[in-house]
Amino acid sequence: MTASARTGRLVLLVEDDASIGRAMTDALESHGHRVTWCRSGSSATTSVEAELPDLVLLDAGLPDIDGFTLCRWLREQHADLPIVLVTARDSDIDIVVGLDAGANDYVTKPFSTNVLLARVRAHLRSSDAVDPDAAISLRTLRIEPGSYVATIDGQPLDLRRREFELLLYFARNAGRALTREQLLSDVWDLHWESSTKTVDMHIVSLRRKLGDAVEIVTIRGVGYRLVVP
């Protein structure tokens, strides 16, 4: 089992194929996620007991246990845990068995990495909607939506309300490119024709206060993206 540096939402990847596992890990980490990669069902159960992930990507064909059986165990232990089965088994009966075992989604191999990442984002957004006050940790940065508190290494940041809401939105979309118009719409609740200068001004202030804990990078011609060094 290998684990990435601690960055963003934790995805448990259960995949015994080395090349697929490496490719999926690289793709997930490049989009701001933490990844724990397990190559067997037994190591996956140990990992879940040590730290509950935000989402599980689960291969149905594992060397020590059937993935559907592991899926049932995960669902019994954690009713709200998003589980996506990623497998070469593409028959209708396999899909039905997988979904009946408790999977939230079923992706067949070979798959598009962009499509898989989009489904990961969708399920993580759904889990956020279930518990919008859940704390978010991005390495040394911790954000607690319910109390409007953000800390770095345990030290509280002096953020204005809109700065906090902007930081929270970036954190919930870590690794994604966000346009200024999107930020205006979702954080300020303003229409696209409004001036985007207020977004730029708030980001300048946020960058100064965040230091090197996380980085909000400018994407020329698009907008911004939050990344973790």
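The values are calculated or read from the model by the stated rules, or taken from the named source; none is laboratory data. As the structure is a prediction and not an experimental result, all values here were calculated from the model. Backbone-built Cβ (ideal geometry, glycine too); neighbour counts: all protein chains shown.
Structure above, values below:
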item: Test: residue in the stretch 11-32 that is crowded, with 18+ Cβ neighbours inside 10 Å, free of Cβ contacts under 8 Å to residues at least 24 places away in the same chain and over 13 Å from the mean Cα position of the chain (by Cα); result: yes
item: When residues of the stretch 141-174 are limited to those that are β-branched (V, I, T) and under 29 Å from A79 (Cα atoms), the one surrounded by the most Cβ atoms within 10 Å (Cβ to Cβ); result: I143
item: Check on P110, in the same structural domain as L12 (by TED's automatic domain parsing) and over 15 Å from the mean Cα position of the chain (by Cα); result: yes
item: Residue within the stretch 123-132 that is hydroxyl-bearing (S, T, Y) and in contact with a Pro (Cβ under 9 Å, 6 or more places away or on another chain) present; result: yes
item: Scope the stretch 62-101; condition under 25 Å from H31 (Cβ atoms) and small (G, A, S); matching residues; result: G67, A88, G98
item: Qualifying residues in the stretch 41-80 (those that are of a type in the set (A, V, I, L, M, F, W, C) and in a helix (DSSP H, G or I)) - the one surrounded by the most Cβ atoms within 10 Å (Cβ to Cβ); result: A44
item: Candidate set from the stretch 186-229 (those that are over 22 Å from I136 (Cα atoms) and of a type in the set (G, A, S)); member that is surrounded by the fewest Cβ atoms within 10 Å (Cβ to Cβ); result: G221
item: Number of the condition not met by K209 [criteria: (1) touching a helix residue (DSSP H, G or I) at 6+ places or on another chain (Cβ under 9 Å); (2) under 23 Å from R34 (Cβ atoms); (3) among the basic types (K, R)]; result: (2)
item: Residues being under 21 Å from T113 (Cα atoms) and either crowded, with 16+ Cβ neighbours inside 10 Å or not assigned by TED's automatic domain parsing to the domain that holds L13 (or both) - total across the stretch 81-97; result: 8
item: From W73, W37, residue being among the aromatic types (F, W, Y) and over 23 Å from R121 (Cα atoms); result: W73
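Rundown of residues vs (1) outside the structural domain of A122 (by TED's automatic domain parsing); (2) at pLDDT below 95; (3) touching a strand residue (DSSP E or B) at 6+ places or on another chain (Cβ under 8 Å), yes/no style:
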{"position": "E15", "(1), (2), (3)": "no, no, yes"}
{"position": "H31", "(1), (2), (3)": "no, yes, no"}
{"position": "R34", "(1), (2), (3)": "no, yes, yes"}
{"position": "W37", "(1), (2), (3)": "no, no, yes"}
{"position": "S43", "(1), (2), (3)": "no, no, no"}
{"position": "E49", "(1), (2), (3)": "no, yes, no"}
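Conditions (1) in contact (Cβ under 8 Å) with a residue 24 or more places away in the chain; (2) assigned by TED's automatic domain parsing to the domain that holds L52; (3) of a type in the set (A, V, I, L, M), marked per residue:
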| site | (1), (2), (3) |
| --- | --- |
| L99 | no, yes, yes |
| A122 | no, yes, yes |
| R125 | yes, yes, no |
| S147 | no, no, no |
| I152 | yes, no, yes |
| G175 | yes, no, no |
| L190 | no, no, yes |
